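Inspection log for the structure reproduced underneath, given as structure tokens.
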Amino acid sequence: MQITAAMVKELRDSSGAGMSACKNALVEANGDLKRATEILREKGLAAAAKKAGRVAAEGLVFTALTEDNKKGVVVEVNSETDFVAKNEGFINYVKAVAQQTLNSSAQTVEALLEEKWAADPTQTVKDVLTQQISTIGENIGIRRFERYEAKENGAIIDYVHGGGRVAVLVEMLWDKCADDKACNGPCFEAGRNVCMQIAAMSPKYVCQNCVDADYIKAETEFHTKQALAEGKPANIAEKMATGRMQKTFKEICLMEQEYVKEDGMSVAEYLKTVGQGEKCALSIAQFVRYEKGEGIEKEESDFAAEVAAAMQG
């Protein structure tokens, strides 16, 4: 059967695969569009399996929120190269994954992958991921996600920095405003500023009271031993350790950090100031910060050596 350009285009539009792959699949299927689609999927699975072992440390982190700001999600989808991460098709795919995850009840990536893809319920999330791997030609993976739901007197606020390099979700709480209406714009703006603070300063905890007791004990002992090793008496060493821990809290605790937009003011003081102006008491219930590729050991390569080796053989 003769394979026409129109048939190739139809298969390409429905599958997202390349022109050459679509033509070859149609030839193999003798023009049967349904069978050609199956062939592409089978080959995509094989290609994805080959790429699965390759390190994917690039990619994007992204957020999605419901219109009422009561629910939000942050996701990380990895690719092998930064070039792919800047591709419009990949960016749109990550946004779709974020929206899928926002509307999902899945608690793990594995459960999410088994769900029906919202835009095409004939496929699972895993099927669509496999198609992306086949089309883009790199190993791609949905690595992680976190979903927040706000309490009645709060909202989920987000911030994405650097086009998807860092993403932050914050659950902000407030008391009702004086006119008994939900908190207004300035409080949302404050939440956005706190998100930017988290993106820039990478705190680990909301406040000092949130810090793990075992961590505090271990760090205090470390600083005490350090002071003793410097020749300080035990009572002085204990005071020095306490002082050093207070400095640590100002680094790792959001509320104790210096507010980056206002010298001499902590984040807690900034929120108190905004709250007083709006007749609200603002607080941060929780936050999450994702940075793409963090914690992934990326393979280092000598590009010049690779090119030289390719030229030689």
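The values are calculated or read from the model by the stated rules, or taken from the named source; none is laboratory data. These figures come from a predicted structure and were not determined experimentally. Positions of Cβ are generated from backbone atoms using ideal geometry, with glycine treated the same way; all protein chains shown enter the neighbour counts. Side chains are part of the model used for accessible areas, which takes the heavy atoms of the whole protein and leaves out ligands, DNA and RNA. Shrake-Rupley method; radii C 1.70, N 1.55, O 1.52, S 1.80 Å.
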Out of everything in region 72-116 that is in a strand (DSSP E or B), of a type outside the set (Val, Ile, Thr) and touching a residue at least 60 places away in the same chain (Cβ under 8 Å), what residue ends up being nearest to Val170 (Cα to Cα)? Gly72
Of the residues in region 223-236 that are part of a helix (DSSP H, G or I), open to solvent by less than 70 Å² (accessible area, probe 1.4 Å) and more than 21 Å from Glu251 (Cα to Cα), the one that is modelled with the lowest pLDDT is Ala234
Checked Ala29, Ala17 against criteria (crowded, with 18+ Cβ neighbours inside 10 Å and modelled with pLDDT under 70); the one match is Ala17
Could you check how many residues of region 240-261 are over 18 Å from Gln208 (Cβ atoms), open to solvent by 70 Å² or more (accessible area, probe 1.4 Å) and not β-branched (Val, Ile, Thr)? 1
Looking at (1) open to solvent by less than 70 Å² (accessible area, probe 1.4 Å); (2) out of contact with any Lys or Arg (no Cβ under 7 Å at 6 or more places or on another chain); (3) under 29 Å from Val61 (Cβ atoms), find the lone condition where Thr220 falls short. (3)
Among the residues of region 130-148, write down those that are more than 15 Å from Phe62 (Cβ to Cβ) and either under 17 Å from the mean Cα position of the chain (by Cα) or part of a loop (DSSP other than H, G, I, E, B) (or both). Gly137, Glu138, Asn139
Considering only residues of region 272-313 that are modelled with pLDDT of 85 or more and among the polar types (S, T, N, Q), which is most open to solvent (accessible area, probe 1.4 Å)? Gln276
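Taking region 247-272 on its own, how many of its residues are closer than 21 Å to Ala199 by Cβ and either part of a helix (DSSP H, G or I) or among the β-branched types (Val, Ile, Thr) (or both)?
11
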Considering only residues that are crowded, with 17+ Cβ neighbours inside 10 Å, modelled with pLDDT under 95 and not charged (D, E, K, R), which ones fall in region 95-140? Val128, Leu129, Thr130, Gln131, Gln132, Ile133, Ser134, Thr135, Ile136, Asn139, Ile140
Residues of region 111-148 that turn out to be farther than 21 Å from Ala64 by Cα and among the charged types (D, E, K, R), as a count: 2
Checking Gly163 against (1) open to solvent by less than 50 Å² (accessible area, probe 1.4 Å); (2) in a loop (DSSP other than H, G, I, E, B): exactly one of these is not met. Which one? (1)
Among the residues of region 215-244, what is the count of those that are under 17 Å from Lys204 (Cβ atoms), touching a residue at least 12 places away in the same chain (Cβ under 8 Å) and hydroxyl-bearing (Ser, Thr, Tyr)? 1
Please state which one of Glu269, Glu230, Glu219 is touching a helix residue (DSSP H, G or I) at 6+ places or on another chain (Cβ under 7 Å) and acidic (Asp, Glu). Glu219
